[in-house]
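Report on the following structure.
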Amino acid sequence: MDLGQVFTSKVVAKYMVSLLNISLSSSILDPCFGDGAFISACLDAGYTNITGYEIDNVLYKQVKLLYPHLKLYNDDYLKADETIKYDAIIMNPPYIRQEKIDELSELGISKQILRSNPIFLDLPTTANMYMYFIIKALEMLNSDGKLVVIFPSSWIKARSGKSFEQLISKQATIEKQIHISGEVFQKNALVDVVILCIKKPKNNSSRDIIHLNLSNNAIVPRILQKSTRNLIANPVSFHIYANVRRGLTTGANTIFINPPIKRNNQYIISIVSSPKSIVGFSTSAATTDCLLWLHGEKKNFPKSIQDYLYQCEKTIISTRKPKTLYIKLKQQSLWYELSKVDSDGIWFSYFVRSDMKFIMNTTNVLARDNFYIIKPNIDRYLLFALLNNYYTFYQLEIMGKKYGAGLLKLQRYDIENLLFPNLADITLSDKEHLIRLSKHMVDNNDDMTSQITMVLSRYMNCNFNEICEDHATIKRQRLEEK
């Protein structure tokens, strides 16, 4: 029996999880988890509140054995209780053509049975199976929930596509339409697929249309491949040299950041909240905020902190906000405990307006979620040089989302899509030179970007003057946008 199973590659699953961009305490559903690619990627990203459905008994047993602690069900998701809501849903729904749906009757699935559910009545009769999954997912999202789904892009040109899109738009907004080509799936790869990022509720914001390519186990913007020249002679993917994650998310900054509590005690630690707090290229002179850092039973804290928590609890219960803390509080959990994020490494701001730069955390201070934290797999000063140069800045200018008034937003996957020169091609003397330049940049707050770019230009397909001019042009265009 054909269940329409096409398994997502690990790199695509990781990329799709990065699109969620939600609190780590959020509830996530995978309605058809298959071999567990999304579950694995979610766990790697730090999410733990994961629920999944899988109708294939063999696959279910395999994945359940790997993750016995998760809420996984060997059931038909399309029959799941729609009153149960989730903060996010991520999925690769089954690829079953509409004329093949009735062939699943022995599993209790047919067009007639599906369309007996009122939520599917507005779907065209020619709807393929993945459309039923998407409409069901929208029904099971919280009011501000997010859906990330990958499926064939053929619906865009299909007769049923317009009515399907209109049905989505009645209750949600398609924020991103990401066309991705290459070996997206493990087997029977479909070349023309699309990833939709859908957010509740409906609004009038414009949709980003993005074109990507999966090649050599890396996702790369197609705009770079269409360039008249490739920037890097022998490119190496970001993940070979480093990993990246977001900084610490509190879920309620007004509660945890700069609380009305005496500063000089063991329950207050330092955190850098904003890129504006950093001077130069290190955290040495950064202005820090105070973070309320509590672990253990409330009764063990000083009375002043107990009183503060009591007042916070009253507010959370009366307003039911923030929702994540309200749920934790209702479950009688230690709602005030935060998961510490290892902030050692190289930082990069979530938003860029004027000068783009990477920062070295020299003081081992915590970073808030306004920053990405890059963990080197190579010498940190050598990676610092690979990041702070115009070849890297040019790539980020192309990949980032422009918001007007000069603002550029960089997602985690933009960082992960960076390409670097192969270190094996760089001479030992040039590596040592790059490290010296980086150390000088960090220690003395001198901008050595041009000097670093000059050294790296020896290993690029465009020379120093060309990249400086190209970067200056694309940056100027962004800053001049209204």
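Each value in this text was obtained by applying a stated rule to the coordinates, not by laboratory testing. Model, not experiment: these values are computed from the prediction. Ideal geometry is used to build each Cβ from the backbone, glycine not excepted, and the neighbour counts take in all protein chains shown.
3J(HN,Hα) along the range 109-121: 10, 7, 4, 4, 5, 4, 7, 6, 7, x, 5, 9, 4 Hz, from the Karplus curve 6.51 cos²θ - 1.76 cosθ + 1.60 with θ = phi - 60°, whole Hz, x for Gly and Pro.
For residue 268, the amide hydrogen comes within under 5 Å of the amide hydrogens of 293, counting only partners 5 or more places away or on other chains and with H modelled in the peptide plane. Return the sequence-ordered ³J(HN,Hα) values of the range 26-32 in whole Hz as given by the Karplus equation 6.51 cos²θ - 1.76 cosθ + 1.60 applied to θ = phi - 60°, using x for Gly and Pro. Karplus-based 3J(HN,Hα) across the range 26-32 equals 5, 8, 10, 10, 10, x, 8 Hz.
For the range 358-408 and the range 274-348, compute the distance between their C-alpha centroids and round to whole Å. Taking the Cα centre of the range 274-348 as reference, the centre of the range 358-408 is 25 Å away. Using the Cα coordinates of the range 340-395, the gyration tensor eigenvalues translate into equivalent-ellipsoid semi-axes of 19, 15, 8 Å, sorted from longest to shortest.
Given 0.36 nm per residue, what is the gain on full extension from residue 473 to residue 105 after removing their alpha carbon distance, in nm? Walk me through the numbers on the way to the answer.
On the way: separation 368, 0.36 × 368 = 132.48 nm, distance 6.00 nm.
Value of the extension gain: 126.5 nm.
Looking at the chain, the DSSP beta bridges with both ends there are about 65 percent antiparallel. Look at the alpha carbon pairs under 8 Å that are at least 6 residues apart: their mean separation over the length of the chain gives a relative contact order of 13 percent. Close amide H contacts of residue 282 (hydrogens built in the peptide plane, cut-off under 5 Å, sequence separation of 5 or more or a different chain): 360. When both bridge partners sit in the range 10-215, DSSP labels roughly 40% of those beta bridges antiparallel. Every Cα-Cα pair in the range 297-435 was counted, and those over 23 Å apart are 55% of them.
Panel note: the C-alpha atoms of the chain, placed on their principal axes, show extents of 71, 66, 46 Å (largest first). Can you pull a Stokes-Einstein diffusion coefficient for the range 224-320 at 10 °C (1.306 mPa s), Rh from Kirkwood over Cα pairs, as a whole number of µm²/s? For the chosen part, D equals 91 µm²/s. With no solvent and one point per C-alpha, what does the Debye sum give as log10 I(q)/I(0) for the range 10-215 at q = 0.11, 0.12 Å⁻¹? Ignoring solvent entirely, the Cα scatterers give -0.48, -0.58.
Among the GluC sites (Glu not before Pro) in the range 63-122, those located in a DSSP loop and surrounded by at most 14 other Cβ atoms within 10 Å of their own Cβ are 82.
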